[in-house]
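K.L.:
One structure, pasted below without further comment.
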């Protein structure tokens, strides 16, 4: 299977090479870097965060470059003053390749230093063993309640400004829970439940249900996959110790639940987006189409585009590459920028973002740069390489620390997917840093809970 996949990738790359408008050597170098980036996800010890980030970068750069070279469909996301000249394409591919090399260097350092696999033999905490039923019940109630509140108050919704600000920044906590907090908590509960009962099956319905609620209330087409697919990675990675505890009938049930709820989330998210974004909620729609017809038209039009255009990377590099006066000072400005600038921020001006909202008091629609594009504001390929290497080392260290603290493969997979997604879409480094700090606090909190009353439960 692996050999067949490699042969298919090389065949597609060869076809794209014949259509690529720039230098053949640059295109070969670009392909070699991204092939190495993907291949390095395979050696042991594997890392969830590296695997997901490599996948997002391959989709955001290699897949898009090949697709555009063969079919030339044009860009949906803004590309600024990019003029489609061959030298601009070559420059963008070299920048992307240097970013990939930076992440490759971090992964090679990890493989060279090595570390033992995560010990997954730790038992469930004593308090959870005694009160598993009430904990699960309270969790389900809170997940439903908070996501229902988010649906109305928009604590965390794509493109929508919060409609309610709570004292002591309570709305920030609720937004975090919808975004990733509940997903991390349920990953902890699923693992503790498995450690106590030595059974996997029905408890895996919990993350699938949470994925549906989170994606729907956040208007996010990606959240469902980010919250649920990591479990597949974790089970496949540790299939020798986990699959034996999953009954075949449970696998069929889980697969049916995953597929049906994923389709439901797609329809729900598109419906809510049309309802909110196009004025149906205010009974003043900007479209003459009936609501249902608008939803069907949007799904049929956008879903095929999402397969290629949803991934962040290439457009940001093209836009920044066409900007004049790139320098370390400009990079410093981009890093220091406040997210409150929104459409007036450096990248949005450079990218010439077209879909900024006409109702800024309600909505904020911005283009995503990606970390390689932001680093390219420096005008230095070495800075791009070094910056991505440092980012890679921080991510690797985060997963290594989380593994030692929790020994929970489900938690590592969910956290790794979420962190990789945030990094891949970085536009404001400040927000990425805030997410990373919040993730560190959450992991430390769960690790402390895991140790609470643990010795007493072992004696009992």
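The values are calculated or read from the model by the stated rules, or taken from the named source; none is laboratory data. Since the model is a prediction, treat every value here as computed from it, not as a measurement. As a convention, Cβ positions derive from the backbone with ideal geometry for all residues, glycine included, and neighbour counts pool all protein chains shown.
K.L.:
Can you tell which of 265, 250 is buried (at least 22 other Cβ atoms within 10 Å of the Cβ) and either under 28 Å from residue 149 (Cβ atoms) or touching a strand residue (DSSP E or B) at 6+ places or on another chain (Cβ under 8 Å) (or both)? Even if it seems obvious, please write down each step before you answer.
P.N.:
On the way: 250 fails: buried (at least 22 other Cβ atoms within 10 Å of the Cβ).
After ruling out the rest, the residue left standing is 265.
K.L.:
Looking at 421, 456, which one is assigned to a helix (DSSP H, G or I), modelled with pLDDT under 95 and not assigned by TED's automatic domain parsing to the domain that holds residue 320?
P.N.:
Numbers: 421 fails: modelled with pLDDT under 95.
Result: 456 is the single residue among 421, 456 that is assigned to a helix (DSSP H, G or I), modelled with pLDDT under 95 and not assigned by TED's automatic domain parsing to the domain that holds residue 320.
K.L.:
Please determine, by comparing only the residues of segment 198-238 that are under 22 Å from residue 124 (Cα atoms) and touching a strand residue (DSSP E or B) at 6+ places or on another chain (Cβ under 7 Å), which one is surrounded by the most Cβ atoms within 10 Å (Cβ to Cβ).
P.N.:
Among those residues, the one meeting the criterion is 200.
K.L.:
Separate question: As an exercise: evaluate residue 367 against (1) touching a helix residue (DSSP H, G or I) at 6+ places or on another chain (Cβ under 6 Å); (2) outside the structural domain of residue 334 (by TED's automatic domain parsing); (3) surrounded by 17 or more Cβ atoms within 10 Å (Cβ to Cβ) and give the number of the one condition it does not meet.
P.N.:
It is condition (2) that residue 367 fails.
K.L.:
With respect to the numbered conditions (1) crowded, with 21+ Cβ neighbours inside 10 Å; (2) closer than 30 Å to residue 34 by Cα, which one is the sole condition not fulfilled by residue 112?
P.N.:
(1)
K.L.:
Considering only residues that are modelled with pLDDT under 85 and touching a helix residue (DSSP H, G or I) at 6+ places or on another chain (Cβ under 6 Å), look in segment 273-307 and name the one that is farthest from residue 214 (Cα to Cα).
P.N.:
Filtering segment 273-307 for residues that are modelled with pLDDT under 85 and touching a helix residue (DSSP H, G or I) at 6+ places or on another chain (Cβ under 6 Å), the one farthest from residue 214 (Cα to Cα) comes out as 287.
K.L.:
Can you find a residue in segment 325-338 that is in contact with a helix residue (DSSP H, G or I) (Cβ under 8 Å, 6 or more places away or on another chain), closer than 30 Å to residue 279 by Cβ and surrounded by 13 or more Cβ atoms within 10 Å (Cβ to Cβ)?
P.N.:
Scanning segment 325-338, I find no residue that is in contact with a helix residue (DSSP H, G or I) (Cβ under 8 Å, 6 or more places away or on another chain), closer than 30 Å to residue 279 by Cβ and surrounded by 13 or more Cβ atoms within 10 Å (Cβ to Cβ), so the answer is no.
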